[in-house]
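Enquirer: My questions will all concern the structure given below.
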């Protein structure tokens, strides 16, 4: 972590790092929630790797340094999850972003899914997830804003580097860049049989949300160390 980012009083995403302008929500958060004082540092990022250190001044951010462009983390790391009951999916969104995951896929209902949204509710839920991702990326000082997509059919989560989290899996760490997590009760035997690779997350039986967080941490520890 770059010291200037770590030590900034707040971190926000803006459309332009050359001329950063806060959204009304971010301006309110910094002034009314964080209660920043004039002169405190605020790091601003465009979400695509460029960022600049600014100074908080009467509700605005004033550029106080050079624009810095960070290289994109490689490889991009993805977690695909089947939503679970209550607000536990919100927790997963927050924690995998803080850990360092680059992309999140929300799966369409699988065989054992408990959560099944009506079509009219999908945009509302995905919008909430996107807000959670953005907030977590600000908290953890990410300069690349993680992306989120979905709902996506399990059959479409395929390709090199994709592995389903499943006890007894043998996929080595350097072969997994997309980890697919099942719902409460896990994937059905038929779904497991369709996976190109399986990744084991340890000897314990993990709840779905715990598996997502553990799997994300393992991928980031392997690829970003």
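Enquirer: Let me understand the stretch 137-214 better: what is its radius of gyration from the alpha carbons, and its Dmax, in angstrom?
Expert: Final numbers for Rg and Dmax: 13.6, 40 Å.
Enquirer: Relative contact order for the stretch 78-223: what percent, with Cα pairs under 8 Å and sequence separation of 6 or more?
Expert: Working: 246 pairs, mean separation 47.4, N = 146.
Worked out over the stretch 78-223, it gives 32 percent.
Enquirer: How large is Rg over Rh for the stretch 113-159, taking Rg from the Cα atoms and Rh as the Kirkwood inverse mean of 1/r across Cα pairs?
Expert: Across the stretch 113-159, the Cα-based Rg/Rh ratio is 1.05.
Enquirer: Would you calculate a helix-derived [θ] at 222 nm for the chain, using -39,500 (n - 2.57) for each DSSP H run of n ≥ 4 and dividing by the full residue count, to the nearest 500? Don't skip to the end; give the middle numbers.
Expert: Numbers: 6 runs with 61 residues, N = 225.
About -8000 deg cm²/dmol.
Enquirer: Where does the stretch 3-69 land on Rg/Rh, using Cα atoms and the Kirkwood Rh?
Expert: Reported Rg/Rh (Cα atoms, Kirkwood Rh): 0.92.
Enquirer: A further question follows. Applying a 10 Å radius around every beta-carbon, put 165-176, 66-77, 81-92 in order of their mean neighbour count, most first.
Expert: The most tightly packed comes first, giving 81-92, 165-176, 66-77.
Enquirer: Could I ask something else about it? Have a look at the chain and give its Rg and Dmax from the Cα atoms, expressed in angstrom.
Expert: 19.1, 59
Enquirer: Ratio of Rg to Rh for the stretch 81-153, alpha carbon only, Kirkwood?
Expert: Rg divided by Rh gives 0.97.
Enquirer: Give me the one-decimal nm value for the distance between modelled label points at residue 160 and residue 2, 7 Å along each residue's Cα-to-Cβ direction.
Expert: 3.1
Enquirer: Here is a further query. Using only Cα atoms and rounding to the nearest 10 degrees, what angle (0 to 90) does helix 88-99 make with the longest principal axis of the chain?
Expert: 60
Enquirer: Restricting the count to DSSP beta bridges whose residues both fall in the chain, what percent are antiparallel, rounded to a multiple of 5?
Expert: On the way: 12 of 33 bridges.
The antiparallel fraction comes to roughly 35 percent.
Enquirer: If you line up the long axis of helix 208-223 against the longest principal axis of the chain, both from Cα atoms, how many degrees apart are they, to the nearest 10?
Expert: With both axes taken from Cα atoms, the answer is about 70 degrees.
Enquirer: Treating the angle as unsigned and between 0 and 90°, give the value, to the nearest 10°, between the Cα long axis of helix 122-139 and the longest Cα principal axis of the chain.
Expert: 60
Enquirer: Hey, rough spin-label estimate for residue 72 and residue 173, points 7 angstrom out along Cα→Cβ, what's it come to in nanometres?
Expert: With each label placed 7 Å out from Cα toward Cβ, I get 2.5 nm.
Enquirer: Efficiency by 1/(1 + (r/R0)^6): what FRET value for residue 120 and residue 196, r their Cβ-Cβ distance, R0 = 35 Å, to the nearest 0.05?
Expert: Calculated transfer efficiency: 0.55.
Laboratory data are not the source of any read-out in this text; all were calculated from the coordinates shown. Predicted, not measured: the structure shown is a model, and the values here were computed from it. No Cβ is skipped: glycine too gets one built from the backbone with ideal geometry, and neighbour counts run over all protein chains shown.
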